[in-house]
Every structure is written in C-alpha cells, then in structure tokens.
Amino acid sequence: MATFLYTLGRLAFRRRWLMALLWVVIFCGAGFAASSAPPPPADTFSMPGTESQKAFDLLEEKFPDAGADGASARVVVRAPEGEKISAPAQRSQVAALIARLEKSPQVASVSDPFTTKAVSRDGSTAYAVATYTVPAPEVGDKTHEALDDALAQARDSGLTAEAGGDAVKIDAAMSGTGEKIGILVSAVVLVLTFG
C-alpha cells in the first residue's frame, strides 16, 4: 500500500497541471449532478393501518383547523403569594390571558384550565395549552410576539406567567462565557495544527 501511495503521490506531483484539471472536472461534474438531481421527497410520513395514523386521520377529518401535527405551547400561570388562582380576581386575569391567546395568529384552540381541571392541588397554579394550526417550524414571528405579549400582560396583572413547548420561540444567541472561551481555544488549536 505504501508503494502504491508513493507512486500515486509522485505521479500527482509530476503531472500537477493534469491533476488540477482532473479535480476541476470532478468538481464540475459533482456540481452538475447536484443541480440536476431530483427534488427531495416530501417530508410527510404516514403508516396506513396503524392506530396512531387512524387517530391523526380522524383528527384531520373532524377538526381540520386544529392540525393534528400542529405546535403547542403550555402556558403556566401562578397566583401571587398566598392567593389562589381560582379567586375571582385571578380567574378573570386567566380568562383575559386565554382570550388574548385565542386571538393570536395561527392558534387553533386554547384550553381553559378550570374546565380541564389543570389546577394544582394547592390552588396556586394552573396551565392552559394553546394548540396551533401549523407545525413548530412554521410558527411565525407575529405568533411568537402575540404569545410574548399575552404573557407580559398577564405578568403586569400580577400573575407569574411562563410558557413552554415547541411553539415557544427559542433564542439561539451565544451568551455564556464558557462557550466563547471554547470557541477561542478551538480556534487556537486549529491555527496551531494547520498553520
């Protein structure tokens, strides 16, 4: 193997212009093949006959606006210290939050925590689930802003409000000093290794 690699390297060095031309031809061929390749298949997936597929099909048939594969956000609200979320004042704030969420773009439905019994045992915390008509990657900026605004207004009214789920916007900004140091160290290693 060493003899073969030595011979190949020597040939490549002696005929470097031919090798450079050969590599250009290979790159052009690869580029042409990539540009003329058929489009990727659709990313929809179904398994006819399975129970879960029957459930998805039934949801699509009975509730076409809900989107069985739509994103969701779980909105958790907590009453101020020493108060109950089911107290009339807090309950009206939760109702206002749900109404704001229902008016948000791309929202299919929002559950009422008092109807679905999504209230903690001590009565201080409840959660509502907002279901969207589109999958998580298709949730728009206006929808994210509407969710953030609804949470901010709930906080202004005295509630503690947070949201989680795949419909919540994730800030991917690099913030930790550990990450910055790691990138700096890796850059130094690459410079020392490859010159």
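The lone criterion from (1) at pLDDT below 90; (2) touching a helix residue (DSSP H, G or I) at 6+ places or on another chain (Cβ under 9 Å); (3) surrounded by fewer than 20 Cβ atoms within 10 Å (Cβ to Cβ); (4) closer than 19 Å to Ile170 by Cα left unmet by Asp149 is number (1).
Can you tell me which residues in the range 121-134 are open to solvent by 40 Å² or more (accessible area, probe 1.4 Å) and in a loop (DSSP other than H, G, I, E, B)? Across the range 121-134, the qualifying residues are Arg121, Asp122, Thr133. Every listed requirement among (1) under 20 Å from Ser72 (Cα atoms); (2) out of contact with any Leu (no Cβ under 7 Å at 6 or more places or on another chain) is met by Ile181 save one, (1).
Hey, can you tell me all the residues within the range 41-57 that are of a type outside the set (S, T, N, Q) and modelled with pLDDT of 70 or more?
Narrowing the range 41-57 to residues of a type outside the set (S, T, N, Q): 41-43, 45, 47-49, 51, 54-57.
Across the range 41-57, the qualifying residues are Met47, Pro48, Gly49, Glu51, Lys54, Ala55, Asp57.
The values are calculated or read from the model by the stated rules, or taken from the named source; none is laboratory data. All values derive from a computational prediction rather than experimental measurement. Here Cβ is always computed from backbone atoms with ideal geometry, including for glycine, and neighbour counts include all displayed protein chains. Heads up: the accessible areas ignore ligands, DNA and RNA and are worked out on the full protein's heavy atoms, side chains in. Shrake-Rupley method; radii C 1.70, N 1.55, O 1.52, S 1.80 Å.
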